[in-house]
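Working notes, structure below.
The values are calculated or read from the model by the stated rules, or taken from the named source; none is laboratory data. In this text, all values refer to a predicted model and were calculated from it rather than measured experimentally. Here the Cβ positions follow ideal geometry from the backbone for every residue, glycine too, while neighbour counts run over all protein chains shown. For the accessible areas, the whole protein counts, side chains as well, though only heavy atoms, and no ligand, DNA or RNA atoms are used. Shrake-Rupley method; radii C 1.70, N 1.55, O 1.52, S 1.80 Å.
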Amino acid sequence: MRGELPLECAHLARELAGLRATTGLSLAGLAARTTASKSSWQRYLGVTQIPPPELVTELCALAGEPPARLLALRELAELSRRHPQPRPAPAEPSRESGPARAEDPPTAGTPDAGRLHAPPSAAPAPTPFFRRRKVALAGAGALATAAVVAGALLLGGAGEEPEDTGLWPGCVGERCRGKQAQSQGCGLKGSGMRTVAEREFGRQTVVELRYSPSCRASWVRVRFGATGDRIEITGPDEESQSAEVLDEFDAQNYLPTPMLAGGPEGMTACLVRAGSGERHCFGR
């Protein structure tokens, strides 16, 4: 499924990985608490297979997340796999292109990875995921229906109106506290999400402080961390959220903390190294 994998399948895998991070369980821990093996979870989270609906429900139960939205996304991914649509040719990358604007799989050896960066300049929000698919799904009734259902569940209303960036997030402000950016739509393209500060530690471990204006929330993520490393985000009021690199899957992918409400001003990102316990902290 790699290479020509439908976008819906990759999106589902990122959502499942976000739920896995919420549970705080390693792959072995998931296997012990669900009906799937460790190797099966590796395939489901690694975008090589689509999990059965009952397994999606089990993961949602462990993460304390209602399963309806994830089941709709799973249905959309399954239909897209069975009825693939041709993809448009990728745009020519420009020298001015900024860093990745969603929680996509990282690439090792990025030349400028890790140095402290100023916030990227404002750019037009990319076309939202479900809006792109609307054209591609024309004429495919089942796919269109699934897309509408999944889109409505993913981008369902919150109590406060966010900035007009083309996506309606799953939470805004205080309601985002302790939730995962990906599962709430805060880390998706079109949400206005951006990296406001970034540091490199060692040869390839990079820690980023991120902010979504549409969700009005901040979080930290690490890429290529070592097993046992811990990342933290602490707000001006000393409230904090953290995440730990539990296994090889975490180490080879982006690992985010849950979110804190508020903008990046006064937020502190920290990396606590495994073994030595050394703390490396920075802010915007």
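I need the strands (runs of 3 or more DSSP E) fully contained in segment 185-240, keeping only those with at least 1 residues that are crowded, with 23+ Cβ neighbours inside 10 Å and in contact (Cβ under 8 Å) with a residue 24 or more places away in the chain. Fully inside segment 185-240 and qualifying: 205-212, 217-223, 230-234. Being more than 16 Å from the chain's Cα centre (by Cα) and crowded, with 22+ Cβ neighbours inside 10 Å, is that true of even one residue in segment 167-175? Yes: one or more hits. Residue count for segment 241-284 satisfying the condition of being outside any loop (DSSP other than H, G, I, E, B), in contact with a strand residue (DSSP E or B) (Cβ under 7 Å, 6 or more places away or on another chain) and aliphatic (A, V, I, L, M): 7.
One residue alone among L25, L30, L55, L19 is open to solvent by less than 10 Å² (accessible area, probe 1.4 Å) and touching a residue at least 40 places away in the same chain (Cβ under 8 Å), and that residue is L19. Please count how many residues of segment 33-42 are surrounded by fewer than 17 Cβ atoms within 10 Å (Cβ to Cβ) and closer than 18 Å to E248 by Cα. The total comes to 3.
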